Amino acid sequence: MRTSLFLAAVLVPQIMNAQSKPIVIHADRMVDGRGHVTNNAFVVVEGDKITQVGPAPKGAVTYDLKGMTLIPGLIDVHSHLTWYFNREGRYHAGRNDSDTPVESMLSAAGNAYATLLGGVTTIQSPGAAEDHDLREWIAMGQIPGPRVITSLVPIQNPRLTPDSMRAIVRTRKAQGADVIKIFASASIRDGGALTLSDAQLSAICSEAKAQGLRTMVHAHSAESIKASVLAGCDQIEHGVFATDESLKLMAEHNVWFDPQICLVFRNYLDNRAKFEGIGNYNEAGFAAMEKAIPTSTEMFKKALKTPGLKIVFGTDAVAGAHGRNVEELVCRVQAGGQPAVDAITSATSLSAASLRLGDQIGAIATGMQADLVAVEGDPIKDITALRRVMFVMKGGRLFKNER
Ligand SMILES: [Zn+2]
């Protein structure tokens, strides 16, 4: 019920901007987002939707994507569009620099555009107050960007009582949040240990459920994952220290898992000077992130082998990473050993299902939103093809065409 209300709000305004006469797209290859690969594929788009997929339709081809592979628009379930580098080239953390709120919002709009051009047509932000207006302005077609789904301000303070946490959940819903984001463990830079009690976690996740909202939980340690799963929360973020037992527990409880194995860590390390000296971006913090790359890669390999575990795609993109979201998929395949077709399914239909939008986005199929991306080459043979995004359509509206 809530999902359809949300979609009405977010998707309807785009229809007015979508082209009305049928568009025929041909590509050498298509990966449909549900695990199928087809050669010589045709897709027909009318308005904001896909109306036909398969053999050559009548009429001229509008976009002939020779040498390219068509995939559904990618879905990143963990991206922080409001994080950016300020005019001094430093990470903009709160109000500690001279940037105005308007300048900060323009940076978020820039990040949204970069993300869209990088092939991502839907993101979930976990989250910031500014996401609300960003979501609305993109949905109205006023600025280019991926569809935004947001938690608004997350719940992080472990000193709050369970009752006040329940009240915050209701407040977030009233403010327009699509999902509730919780911190159940410390940052990876501070060790990642459990921070909330069972009573606090269960208060948040049960209240969210009662309000019809999903929950996503930042949890690094095995203990924090276990507590979140047993509290009835819906999705676990990060899980660098997940054990076989905690991976199995998520699978048994049908909890979505969103691990990261490289982009977020490498981005911090590559941009170290821009973050260093702010909060926990210190010597120990950077050492912890360097260590997290091999640790999380080994954890990810175990996650892939865990029967029934539903792994979605979230990059935790922060300042410096927007538009490079696919690097995480390249790592999943090259370092983590995930088959390329599974990596694409994770970033499309599985991630859509985690957002409860599986009947709207995340696959190239009749009746779905026309979110289509073409990359040069064949990502099944060489996952780095995802870096070469040549064509981006969202809801039937064309944003990039570099044939
Ligand atoms: Zn994050």
Looking only at residues that are of a type in the set (D, E, K, R) and surrounded by fewer than 23 Cβ atoms within 10 Å (Cβ to Cβ) in the stretch 319-345, which one is farthest from PHE300 (Cα to Cα)? ARG324
Of all residues in the stretch 229-252, which are under 17 Å from LEU196 (Cα atoms) and surrounded by fewer than 18 Cβ atoms within 10 Å (Cβ to Cβ)? LEU230, GLY232
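Yes or no, residue by residue, for (1) surrounded by fewer than 21 Cβ atoms within 10 Å (Cβ to Cβ); (2) within 16 Å of the ligand (Cβ to nearest atom); (3) assigned to a helix (DSSP H, G or I); (4) touching a residue at least 12 places away in the same chain (Cβ under 8 Å):
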position: TYR281; (1), (2), (3), (4): yes, yes, no, yes
position: PHE286; (1), (2), (3), (4): yes, no, yes, yes
position: GLU290; (1), (2), (3), (4): yes, no, yes, yes
position: ILE293; (1), (2), (3), (4): yes, no, yes, yes
position: SER296; (1), (2), (3), (4): no, yes, yes, yes
position: PHE300; (1), (2), (3), (4): no, no, yes, yes
position: ALA303; (1), (2), (3), (4): no, no, yes, yes
position: THR306; (1), (2), (3), (4): yes, no, no, yes
position: PHE313; (1), (2), (3), (4): no, yes, no, yes
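Within the stretch 336-360, which residues are among the small types (Gly, Ala, Ser) and either in contact (Cβ under 8 Å) with a residue 60 or more places away in the chain or out of contact with any strand residue (DSSP E or B) (no Cβ under 8 Å at 6 or more places or on another chain) (or both)?
So the first thing to find is which residues in the stretch 336-360 are among the small types (Gly, Ala, Ser), and the list is 336-337, 340, 343, 346-347, 349, 351-354, 358.
Within the stretch 336-360, GLY336, GLY337, ALA340, ALA343, ALA347, SER349, SER351, ALA352, ALA353, SER354, GLY358 meet the criteria.
Among the residues of the stretch 115-130 satisfying the criterion of being within 16 Å of the ligand (Cβ to nearest atom) and surrounded by fewer than 24 Cβ atoms within 10 Å (Cβ to Cβ), which is nearest to ILE236 (Cα to Cα)? It would help to see each step written out before you state the result.
Our first condition is that a residue be within 16 Å of the ligand (Cβ to nearest atom); within the stretch 115-130, this holds for 115, 120, 123-130.
Those left that are additionally surrounded by fewer than 24 Cβ atoms within 10 Å (Cβ to Cβ): 128-130.
Working: ALA128: 19, ALA129: 22, GLU130: 23 Å.
Taking the candidates together, the pick is ALA128.
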Just one of ASN96, ASN111 is outside any strand (DSSP E or B) and within 16 Å of the ligand (Cβ to nearest atom); which is it? ASN111
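Output yes when any residue across the stretch 57-70 is assigned to a strand (DSSP E or B), of a type outside the set (S, T, N, Q) and within 16 Å of the ligand (Cβ to nearest atom), and no when none is. Reasoning before the result, please.
Initially, the stretch 57-70 is screened for residues assigned to a strand (DSSP E or B), giving 63-70.
Imposing the further condition that a residue be of a type outside the set (S, T, N, Q) reduces the set to 63-68, 70.
Filter again for within 16 Å of the ligand (Cβ to nearest atom), leaving none.
No: zero hits.
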Selection count, the stretch 240-279, where residues are more than 24 Å from VAL77 (Cβ to Cβ), assigned to a helix (DSSP H, G or I) and of a type in the set (A, V, I, L, M, F, W, C): 1
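Identify the residue in the stretch 71-90 that is surrounded by fewer than 24 Cβ atoms within 10 Å (Cβ to Cβ) and touching a residue at least 24 places away in the same chain (Cβ under 8 Å) and, among all such residues, is nearest to the ligand (Cβ to nearest atom).
In this case the residue turns out to be HIS80.
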Could you check, for the stretch 347-364, whether at least one of its residues is assigned to a loop (DSSP other than H, G, I, E, B), more than 30 Å from GLY239 (Cα to Cα) and not aromatic (Phe, Trp, Tyr)? yes
Is one or more of the residues making up the stretch 378-392 closer than 17 Å to ILE75 by Cβ, in contact (Cβ under 8 Å) with a residue 40 or more places away in the chain and surrounded by fewer than 21 Cβ atoms within 10 Å (Cβ to Cβ)? no
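Readers should treat all values here as calculations from the given coordinates under stated rules, not as data from a laboratory. Small disclaimer: the values here were computed from a predicted structure and weren't measured. Neighbour counts are summed over all protein chains in view; Cβ atoms, including those assigned to glycine, are modelled from backbone coordinates with ideal geometry.
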